[in-house]
Amino acid sequence: MNYNNLKISIKQAEEILLNLYDIKGKVLELPGEVDFNFRIKIENEEGFILKISRPNEDLKYLDFYQKLLQYVEKNDSNLIAPQVINDIKGNSISNITDVHGSIRKVRLLTWIPGRIWNDVNPQLDGLRLSLGEQCGLLTKALLGFEHPAATREFVWEINQSLWTKEYIHLFNEQEKEIITYFQNLFEANFNDFQKLRKSVVHNDANENNIIVTKNLKNPKVTAIIDYGDAVYTQIINDLAVTCAYAVMNHCNPLDAALPIIKGYHSKFPLTEKELIHLYVAIAMRLVISVTKSALNKIEEPDNTYLVASEKQAWEVLKKWFLISPDFAHYCFRNACNFSAHPNEVNFKKWASQNSFQLNDLFPTIKKNEIQPLDLSVSSTWIGHQEEFNDLDLFEYKINKLQKEENDKIIAGGYLEPRPIYTSSAFDSIGNNGRESRTVHLGVDFWLPNTTPIHALFNSEVVTAVIDAGYKLYGGLLILKHQVEGLTFFTLYGHLSVDSISTKKIGDTIKKGDVIGFLGNKLENGNWVPHLHFQIMLSMLNYNIDFPGVAFHKQIDVWKSICPNPNFLFNTKGLQQPKTNSNEALLLYRKQHLGKSLSLQYHVPIKMVRGLGSYLMDQFGKKYLDTVNNVAHVGHENYHVVKAGQEQMALVNTNSRYLHENINLLTKELLETLPPELNVIHFVNSGSEANELAIRMVKAVTGERDIIASEVGYHGNSNMCIAISSYKFDGKGGKGAPKYTHIFPLPDTFRGKYRGNTVGDSYAEEVKKRIKKIQNKGRNVAGFIIEPIISCGGQIELPTGFLSKAYQYIREAGGICISDEVQTGCGRMGKTFWGFQLHNVLPDIVTIGKPIGNGHPLAAVVCTQEVAEKFANGMEYFNTFGGNPVSCAIGTEVLCFVKREKLQENALIIGEYLKSELKKLAIEFPIIGDVRGQGLFLGVELVDEKRNPLKAQTNYLANRMKDYGILMSTDGPDHNVLKIKPPIVFNKENAKELIFYLKKIFAEDFMKSY
C-alpha cells in the first residue's frame, strides 16, 4: 500500500485518543519506522505517546512490547522507562478500523520528558558516558525476561545481519569493498559470536530514542525509549547498536565510542570475549542501516525517516573501515579496565623471568650502562626548536655528550612526548580539534654508524623495507618471535640499506645472529646514527611499517601494545623519570604561593614550550594562543632568544656604565615615535613604567590629582593600583583614593553615551572631573588612558574624544599619558602606537609587555620639557632598567617587527578577523559588538537587551581550550572575549579560530540566554 495511504493524520489521532482513552490533548506527529507515533501534550502533565500500528500488525509482537515495558517497571523501579496505559476498557492494546477497513493496533504510553539525543549539542564524553550507563542499567533490568516473540526474525538484529549480502549490488565499488570487508569479518567469526551471552535487549538506542536532561551545561542521559526493536540476541549487540548511532558526526568515531563502552561496563560488566566482537558488531549494525536505507528509497521513497541516518552511517562506516580491528579491540579493553593488550601481563611476566644485557644487542660496544638523553618537550638539552632542527648542531651535542660519558650508551625516549615531530603527517583532526602524535614508543640508542645489531631471540623476518618512506631514514626491520607460547615483535629502525637489502620476509634468524648495521647520516635524513628499538605485541594492520609515535590521549593503549623495552634489560638508565602531576603542582602552588594568584581555566594547563603563535603542554599538545600579547613577536622567537643569550654570555650590568645596547634600543624606539617624544627612561615592567610616569607628572606639575577611565588598569604597584578603577572598584577594592578621579568608561556600545557621535560627551565627563578638582582648590596633575581600553573590554575610544580630552587637560595645566603597554609596537596595524590612531601627541608614553617579548623590559618616553623638569636633582636609577641584555632583546624585537613587516601583518590579519567576526555576529545575535584595531580585538556577548552574558562568555573560553585554542575574557561584566595574539598570528591561525568559534557559538548553552 502507498505510504501516504498508510499514514494516520493528526486529526485521526485526536479522535482515536478521545474514543479509546477519553483523553483530550494537543497532538503532535513524531517520526517512526513502523508505528505512527504522536506526542500527546496535556496541560500541567508530562503527557503521553500514542502509537498506532500499520494494518494487521502481529498481536504477539505487540504483546511482547507491552509485557517487556511492564517487566522493566517491575524489575527496576529506579529506571526511567515508558509505562503502559490501559484504554477505557482496561486493554493495554486496542483495536481500530481505519478508513480502508484495515485493523490497526493502538497503544498509549507515558511520555518521558527531556530532549532527544539529536537535539543535544555538544555531545561530549560525559554525555556519552551517561548513555552507556543507562544502556547498561537497562540491559541489567531486562535480564530474565522471556516471551515467544523475542526470538522472531528481525532484519535489524545483528546476529541475523548476513541477509545484507543479497543486496550488495545496490552499492558502488567503494561501498561494496567496505560492506564486503565487514560481512566477511563477521562471517569468519560467526561461530564464536554465536556462543556469547544472550538476553532480550533494547536493540535500538538511536538518536531519536535517547532522552537527555534539559541541563545545557552538563547534560545527562536519563532514559531510553521506544522498545519496538527489542529482541533476544547477543548482549554485546545492544552496546554495538548504541555505539553505531552515538558516534555519528564525530571526526574520530572510535574515540567517541569509548566513554559509552566505559559507562555500559560500569553498570553491566562485559566479558573479554564479548569485546573481541564489538568492533565488527558495530560495523554490521551500520551495514544493516545503509542497506535498509538503500532498499527503503526503492520501496517507500516518500518516507524520509527511513533514510534519516544514511549519510551519517556511511561516514562512520568509511572511518571505521580505516581502523584496525585489533586496535579497536584493545581500546575497548582499556575502556573496561582490562589490560589493553591481552598478552601484556604474560609478556611482562616472561620478560621478568629472562635476563638480557645490552651487550646481547650490541656485543661489539662492550657497554651495559646507559646515559639517559632527554628529548622531551620539556627538555632544556634540546634547546630551541631552531636548534634541534639544526642537525649539525644536534650531532655536535651528541658527540660532546658521548665524550663526557664515554663508558655509557646514550639512550632513552620510551613514552617521551617530543616536540620534534612537526610534520603535518603526525597531525590529525580529532573530536577535540587538532591532535599531534608526539609520544615516542621505542628507545633510541645513539651509537656509531655500522654498529652491528644482534638478535636477542630466534626470529622470523616479517618486514624489511628500504623504501616506502624510509629512503631518507635507512632500513626498517621487524622480527617476529615466539617464545614459551608468547608471540611478539621487535622493530629496528635506521639500519643501513645494505644490511636490509639481503633480508626477505620469512627468513629465519637465530639468537645472537647479526640482523643489521646502523645506517650512516645520509641514510638517516642527516640524523646522527642511532637505533630505534621497539617492542610490539601486535602488528595491528601494518605489514611494511609500524608507528613509532602515538597520540598522548591513546597512551594507555599504546604502552600496552608496545611495552617498555627496558622490561628486557632492566637497566637503571632506561627507567622513566618521575614527574610531578598537574594536581601535585597545583597543590604545592596553593600551599606556598600567593593566595590571590589566579590560574586560567577550570582545569589549568601546564605549559613547557612555546613556538610562534603556539604554546605546548608537557605532553606535546599545541595550543593556539589568541591572548598572549606579551610574546609580541611570537613565543620564544629565535632571533630574540639568541640576542639575549649572546649578550648574557658577555656582560650584564647596570646603566651607570657605557654600553652600545642602551643607545641602539633608544635609537630604534625613537624612530617609531614623533620627534617631540625623544627622551627615554628604561624600566622592567609596565607597572614600573606607569609608576614612573605618574611620578614625573607630579614632579612636573606640582599637583597630585590624576584623571583616569572607569575599568582602567595600569599596573600592580601601589601608585598604579591607586589610578586603576579595574582594581579599586573591583573585588577586594575600596573605591577611588582621594586624588584619583574616574570618568565613565567611554563605551559607545553599552556605556553612558552610545553611538558614533558621543566623543564630545565623554570628553565633557573628563572636563567635569577637572572642574571638580579645581573646585577643591587643587589642579589636575595628569590624565592617563589606553588608546584601546583593554580590561574595560577592548573599548575603542570614541571619535574625537582623545583630542578633546587632551585639550581640556592641557588647558588646566595637566600632563597627558598614553599607556601603550598593551597597544604599542605595531599591534594596531594602521599605526605603530595606539595614540597615533587619534592624531594626538601625548607628553608621556609608557611601554611594557610587547617590547621585551616576555623578558622584563619596559620604557617611559617623554618630551624634553617633561624630562628636564623631572630632573630636579633627585637621581632616578633603576638597577636593571636598561641593562645590556634587556636592551639587546628589545632592539631585536623592534627590528624583527620592522624586518618581518609585522605591523602590516597585524593590519591584514586583524581586518580579516574583524570581518569574519562580524559575519559570525549576523549568524549568532549573541555577538553584540566586534571592535578593536589590528590584532587587538574584542567580541562582546549580550542578550537582545544588551545585558551582559558572563556565563556564556566564560563557557566559550573554556570550550575553546578543549579544541586547543587559548582565549580569555575581560570587561567590567566579564562578557568580552579579548583577542590579542602574538602579531606573527597568520591567516591559517585566524581561520582556525573562526572555525571553532562558529562551532561553539552553535552549542546549546551559548543559545540559552
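No value in this document is a laboratory result; all are computed from the given coordinates. Quick caveat: nothing in here was measured; it's all calculated off a predicted structure. All Cβ positions, glycine included, derive from the backbone under ideal geometry; neighbour counts span all protein chains shown.
Give me the distance between the Cα centres of segment 294-372 and segment 377-431, rounded to whole Å.
27 Å
Taking H placed 1.01 Å from N in the peptide plane, check which residues at least 5 places from residue 634 or on another chain put their amide H under 5 Å from its amide H.
Under 5 Å from the amide H of residue 634: 983, 984.
Taking neighbour Cβ counts within 10 Å as the exposure measure, how do 803, 496 sort from fewest upward? Intermediate results must be reported in sequence, preceding the final value.
Numbers: 803 15, 496 21.
With the sparsest Cβ surroundings first, the list reads 803, 496.
Report, in listed order, any pair from 214/918; 734/767; 752/950 with a Cα-Cα distance greater than 29 Å.
Values: 214/918 31 Å; 734/767 25 Å; 752/950 20 Å.
The answer is 214/918.
Provide, as a two-decimal number, the C-alpha radius of gyration of segment 175-265 over 2.2 N^0.38 Å, N being how many residues it has. Mind dumping the intermediate values first?
Numbers: Rg = 15.1 Å, N = 91, 2.2 N^0.38 = 12.2 Å.
With N residues counted in segment 175-265, Rg over 2.2 N^0.38 Å equals 1.24.
Which entries of 731/901; 366/397; 621/987; 195/504; 595/961; 642/667 have Cα-Cα distances beyond 30 Å here? Don't skip to the answer; put the middle values down first.
Details: 731/901 41 Å; 366/397 23 Å; 621/987 21 Å; 195/504 40 Å; 595/961 25 Å; 642/667 21 Å.
The answer is 731/901; 195/504.
Calculate the translational D of segment 557-623 in whole µm² s⁻¹ from Stokes-Einstein, where the hydrodynamic radius comes from the Kirkwood formula applied to all Cα pairs, the temperature is 25 °C and the viscosity 0.890 mPa s. The partial results should precede the final answer.
Values: Rh = 15.2 Å.
For the chosen part, D equals 161 µm²/s.
If you average over every viewing direction, what projected area does the convex hull of the Cα atoms of segment 776-870 give, in nm²? Please list the in-between numbers first.
Details: hull surface 29.9 nm².
Computing the convex hull of the Cα atoms and averaging its projections yields 7.5 nm².
Cross-link list 165/318; 220/273; 220/262: which exceed 22 angstrom alpha carbon to alpha carbon?
Working: 165/318 18 Å; 220/273 29 Å; 220/262 15 Å.
In this structure, 220/273 lie more than 22 Å apart at Cα.
Sticking with the crude label model, points 7 Å out along Cα→Cβ, report the distance from residue 716 to residue 59 in nm, one decimal please.
A separation of 8.1 nm, rounded to one decimal place.
Of 373, 406, 356, which is farthest along the charge dipole of segment 335-408 in the positive direction, counting Lys and Arg as +1 and Asp and Glu as -1 at C-beta?
356
Within segment 659-725, list the GluC sites (Glu not before Pro) lying in a DSSP loop whose Cβ has at most 10 other Cβ atoms in a 10 Å radius.
Working: sites: 660, 668, 671, 676, 688, 691, 703, 710; in loops: 671, 676, 703, 710.
When the GluC sites (Glu not before Pro) of segment 659-725 are filtered for loop state and at most 10 Cβ neighbours within 10 Å, 671 remain.
When only alpha-carbon atoms count, how far does segment 605-684 stretch along each of its three principal axes, as whole angstroms with the largest first?
46, 33, 19
Tally Lys and Arg at +1 and Asp and Glu at -1 over the other residues with C-beta under 13 Å from the C-beta of residue 856: what net charge comes out? Write out the running numbers ahead of the final one.
Details: positive: 849; negative: 688.
The answer is 0.
Using alpha carbon coordinates only, what is the Rg to Rh ratio of segment 342-469, with Rh defined as the Kirkwood radius?
Ratio of gyration radius to Kirkwood radius: 1.00.
Any idea what the relative contact order of segment 3-110 is, in percent, if you count C-alpha pairs under 8 Å spaced at least 6 apart? Provide the component values of the computation, followed by the final result.
Details: 166 pairs, mean separation 25.4, N = 108.
In percent, rounded to a whole number, it is 24.
Taking the C-alpha atoms of segment 347-574, how large are the radius of gyration and the largest Cα-Cα span, Dmax, in Å?
Gyration radius and largest Cα-Cα distance of segment 347-574: 16.9, 48 Å.
Please get the size of the charge dipole for segment 119-335, origin at its Cα centre, with Cβ charges of +1 on Lys and Arg and -1 on Asp and Glu, quoted in debye to the nearest 20. Before the final figure, lay out the partial values.
On the way: 21 positive and 26 negative charges, 144 e Å.
The calculated dipole for segment 119-335 is roughly 700 debye.
Calculate, for residue 776 and residue 380, the FRET efficiency according to 1/(1 + (r/R0)^6) with r their C-beta to C-beta distance and R0 45 Å; round to the nearest 0.05. Numbers along the way, then the final one.
Details: r = 58 Å, r/R0 = 1.28.
The value I calculate is 0.20.
If the viscosity is 1.567 mPa s and the temperature 4 °C, what Stokes-Einstein diffusion coefficient in µm²/s follows for segment 474-595 when Rh is the Kirkwood radius over Cα pairs?
Values: Rh = 17.4 Å.
Estimated via Stokes-Einstein, D reaches 74 µm²/s.
What does the extension gain come out to for residue 649 and residue 542, with contour length at 0.36 nm per residue minus their alpha carbon separation?
Numbers: separation 107, 0.36 × 107 = 38.52 nm, distance 5.02 nm.
Roughly 33.5 nm would be gained on extension.
For segment 632-729, which trypsin sites (Lys or Arg not before Pro) pass both filters: DSSP loop (anything but H, G, I, E, B) and at most 14 other C-beta atoms within 10 Å? Working shown, then result.
Values: sites: 642, 656, 667, 695, 698, 704, 727; in loops: 656, 704.
Loop-located and lightly packed - 656.
Using a Förster distance of 30 angstrom, determine the FRET efficiency expected from the C-beta separation of residue 504 and residue 408, and round it to 0.05. Write down the numbers at each step before the final one.
Working: r = 36 Å, r/R0 = 1.19.
With a Förster radius of 30 Å, E is 0.25.
Lys/Arg Cβ at +1, Asp/Glu Cβ at -1, dipole of the chain taken about the Cα centre: which of 428, 282, 155 is farthest positive-ward?
428
Just how many % of Cα pairs in segment 713-786 lie over 15 Å apart, if you round to the nearest whole percent? Could you put the intermediate results ahead of the total?
Details: 1623 of 2701 pairs.
Roughly 60 percent, once rounded to a whole number.
Around residue 929, which amide H atoms from residues at least 5 apart in sequence, or from another chain, sit under 5 Å from its own amide H, with H modelled in the peptide plane?
Hits under the 5 Å cutoff: 940.
First select every other residue whose beta carbon is under 13 angstrom from the beta carbon of residue 216; then total the charges, Lys and Arg +1, Asp and Glu -1.
+3
Which of 537, 797, 28 has the fewest other C-beta atoms within 10 Å, and how do the rest follow up to the most?
On the way: 537 21, 797 24, 28 13.
If I rank by nearby Cβ atoms, fewest first, I get 28, 537, 797.
Counting pairs of Cα atoms in segment 902-1007, how many percent are more than 17 Å apart? Please list the in-between numbers first.
Working: 2680 of 5565 pairs.
Value for segment 902-1007: 48 percent of Cα pairs lie more than 17 Å apart.
Under the rule a/c < 1.5 gives rounded, and otherwise a/b versus b/c splits prolate from oblate, where does segment 260-359 land using the Cα gyration tensor?
On the way: a/c = 4.59, a/b = 2.69, b/c = 1.70.
Since a/c reaches 1.5 and a/b is larger than b/c, the shape of segment 260-359 is classed as prolate.
I'd like the per residue volume of the convex hull spanned by the Cα atoms of segment 641-899, given in cubic angstrom. Working shown, then result.
Details: hull volume 33.0 nm³, N = 259.
Per residue, the Cα convex hull of segment 641-899 comes to 127 Å³.
Once the other residues with Cβ under 10 Å from the Cβ of residue 435 are scored (Lys, Arg +1; Asp, Glu -1), what is the net sum?
Residues near residue 435 contribute +3 overall.
Kirkwood Rh over Cα pairs of segment 707-854 into Stokes-Einstein at 20 °C, 1.002 mPa s: D in µm²/s? If you can, show how the numbers build up before the last one.
Details: Rh = 15.4 Å.
D = 139 µm²/s.
Nearest 0.05, what FRET efficiency do residue 169 and residue 583 give at R0 = 60 Å with Cβ-Cβ as r? Mind showing how you got there, number by number?
Details: r = 58 Å, r/R0 = 0.96.
Efficiency, from the Cβ-Cβ distance: 0.55.
Over all directions, average the projected area of the Cα convex hull of the chain and note it in nm².
The Cα convex hull of the chain, projected and averaged over all directions, gives 49.2 nm².
Report, by chain and number, residues whose modeled amide H sits under 5 Å from the one on residue 409, excluding near sequence neighbours (fewer than 5 apart, same chain).
Amide H to amide H, under 5 Å and 5 or more residues apart or across chains, residue 409 pairs with 369, 370, 371.
GluC sites (Glu not before Pro), restricted to segment 435-511: which are DSSP loop and have at most 11 other Cβ atoms within 10 Å? Don't skip to the end; give the middle numbers.
Details: sites: 435, 460, 484; in loops: 484.
Within segment 435-511, the qualifying GluC sites (Glu not before Pro) (loop, at most 11 other Cβ atoms within 10 Å) are 484.
What fraction of the Cα pairs in segment 3-110, stated in percent, has a spacing above 18 angstrom? Can you show the working numbers first?
Working: 2795 of 5778 pairs.
Result: 48 percent of Cα pairs exceed 18 Å.
Cut-off is 10 Å between beta-carbons; in what order do 592, 265, 250 appear when sorted fewest neighbours first?
Details: 592 7, 265 22, 250 19.
Ascending number of Cβ neighbours within 10 Å: 592, 250, 265.
Could I have the simple spin-label model distance between residue 266 and residue 185, label points 7 Å from Cα toward Cβ, reported in nm to one decimal?
Between residue 266 and residue 185, the simple spin-label model gives 2.7 nm.
For segment 119-335, what does the equivalent ellipsoid look like in terms of its semi-axes, each the square root of 5 times an eigenvalue of the Cα gyration tensor, given largest first in whole Å? Mind showing how you got there, number by number?
Numbers: eigenvalues 114, 81, 70 Å².
Taking √(5λ) for each eigenvalue gives 24, 20, 19 Å, largest first.
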